[in-house]
Amino acid sequence: MPTRLVQKFIDFVITALLWVYFTLGFLIMFAPYFVWKTIRSDMNEKAYQRLFHLFFRGFFSILVFLSPRLNIQIDPAIRSLRSSVIVSNHLSYLDPLLMIATFEQQKTIVKNTFYKVPIFGWLLKKVGYVPSVAQGKSMALVIRHVGGMKEYLKSGGNLFVFPEGTRSRNGELAEFSKGAFSIANQCQAPVHIVYIKNTGSIFKPGSYLFNTGRKTTIEMELLGTLQSRKGNELDSALEMLEASKKLLNNRLLQDKYKS
C-alpha cells in the first residue's frame, strides 16, 4: 500500500488527467462536432444528449482505468428505464455525470448559475436541460422545456432530478422539493427511485481531489416505482414525494446498520 503522501500524489495525478479529458478532451474531440452541427442546423436535442452521454461514459471509463480499486455497479433494470422521471439521493458532483453516462436520452434541472458560464451555459440550453428557477431570462426557457416535457418523455427520454437540490454532507436526506413529482404528475409519467452509493467516497463535497486509495464500489440501485394518480395534482405530487423519501431513507438506514 502506498504511503499517505504517495497516495495524495497519485490522487493529484488522476484528478489532473481527468480534468485534461474534461477540458481539452471536450474541446478537441467533441466541441468541433457540436459547432459544425450547430452551424449546419441539423443537430437536435437528442443528438446533443447522446454526445453528452458518450462524453461522460468516456469520463467514467478513464476514472475506472486509472483507479484499479474502484468498481461501478449499476442495476441492469436502471439501464432499461425509458419515458420516466428518475429521482435520487445526491452525494457528489459525480451523481449527475453518472446519470448522463447511464442514459443516452436525458434531461435534468440545473442551477441557474451554470447557465451564466460561457460556452457551458450555451451547451446546457442546446441539450435541453431546464433552469431550476423560472425568473428573468430563464423564464421563457423553463416554460418552453417544461411545456414540451410530456412529448419528450413519451418519446423515450428520461428526466433525472435530485429533489434535495444540493449534495448531502453527512449522507442523510435533506428536504425534498416537489418539482420533479409535479412534472411526473402533469405528464402522467412513472417516477423511479434510484439509490446512489459511494460517489461521495470517491469525490467528496469540498474536496478537489479524487480519493482513489481505498477500495470503493459505486452503486446505483432501483428501489421502486411510483405512478402518479389522476385527480388532485398537488396531493398526488406530495404523496409521491413522501413515498420516494421513505424508500430512500429506509435504504440509507440499511447501510447504516451494516456499517
Open item on the list: Looking only at the stretch 32-72, how many residues end up being closer than 21 Å to Pro118 by Cβ, under 21 Å from the mean Cα position of the chain (by Cα) and free of Cβ contacts under 8 Å to residues at least 12 places away in the same chain?
Closed with: 0
Task: Qualifying residue in the stretch 175-182 (condition: in contact (Cβ under 8 Å) with a residue 12 or more places away in the chain and closer than 23 Å to Leu70 by Cα) - done: no
TODO: Would you please name the residue that is modelled with the lowest pLDDT, looking only at residues in the stretch 193-219 that are under 22 Å from Thr102 (Cβ atoms) and touching an Asp or Glu at 6+ places or on another chain (Cβ under 6 Å)?
DONE: Thr212
TODO: Inspect the stretch 10-28 for any residue being surrounded by fewer than 17 Cβ atoms within 10 Å (Cβ to Cβ) and charged (D, E, K, R) and give the result as yes or no.
DONE: no
- [ ] Filter the stretch 236-259 down to residues that are surrounded by 15 or more Cβ atoms within 10 Å (Cβ to Cβ) and not aliphatic (A, V, I, L, M) and give me whichever is nearest to Gln188 (Cα to Cα).
- [x] Ser236
Task: In the stretch 65-80, residue farthest from Leu124 (Cα to Cα) [restricted to those that are surrounded by 14 or more Cβ atoms within 10 Å (Cβ to Cβ) and in contact with a strand residue (DSSP E or B) (Cβ under 6 Å, 6 or more places away or on another chain)] - done: Leu70
Task: Residue list for the stretch 106-128, filter: surrounded by fewer than 19 Cβ atoms within 10 Å (Cβ to Cβ), part of a loop (DSSP other than H, G, I, E, B) and not basic (Lys, Arg) - done: Val117, Pro118, Ile119
Task: Residue within the stretch 212-220 that is loosely packed, with under 15 Cβ neighbours inside 10 Å and without any contact (Cβ under 8 Å) to a residue 60 or more places away in the chain present - done: no
Task: Test set (1) modelled with pLDDT of 80 or more; (2) within 20 Å of Phe30 (Cβ to Cβ) - Gly156 fails condition number - done: (2)
- [ ] Go through (1) at pLDDT 95 or above; (2) within 25 Å of Ser182 (Cα to Cα); (3) of a type outside the set (Phe, Trp, Tyr) and name the single condition Ile74 misses.
- [x] (2)
TODO: Go through the residues of the stretch 97-115 one by one and say whether even a single one is among the basic types (Lys, Arg), touching a Leu at 6+ places or on another chain (Cβ under 6 Å) and in contact (Cβ under 8 Å) with a residue 12 or more places away in the chain.
DONE: yes
Task: Filter result (surrounded by 20 or more Cβ atoms within 10 Å (Cβ to Cβ) and under 9 Å from His90 (Cα atoms)) within the stretch 151-166 - done: Phe162, Pro163, Glu164
Task: Whichever residue in the stretch 177-192 is part of a loop (DSSP other than H, G, I, E, B) and either buried (at least 17 other Cβ atoms within 10 Å of the Cβ) or within 19 Å of the chain's Cα centre (by Cα) (or both) and, among such residues, is modelled with the highest pLDDT - done: Ala189
- [ ] Assess whether Gly171 counts as being over 27 Å from Thr113 (Cβ atoms), among the small types (Gly, Ala, Ser), assigned to a loop (DSSP other than H, G, I, E, B) and modelled with pLDDT under 95.
- [x] no
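The values are calculated or read from the model by the stated rules, or taken from the named source; none is laboratory data. The model shown is predicted, which means the values in this text are computed figures rather than measured ones. Reconstructed Cβ throughout: ideal geometry from the backbone, glycine too, with neighbour counts over all protein chains shown.
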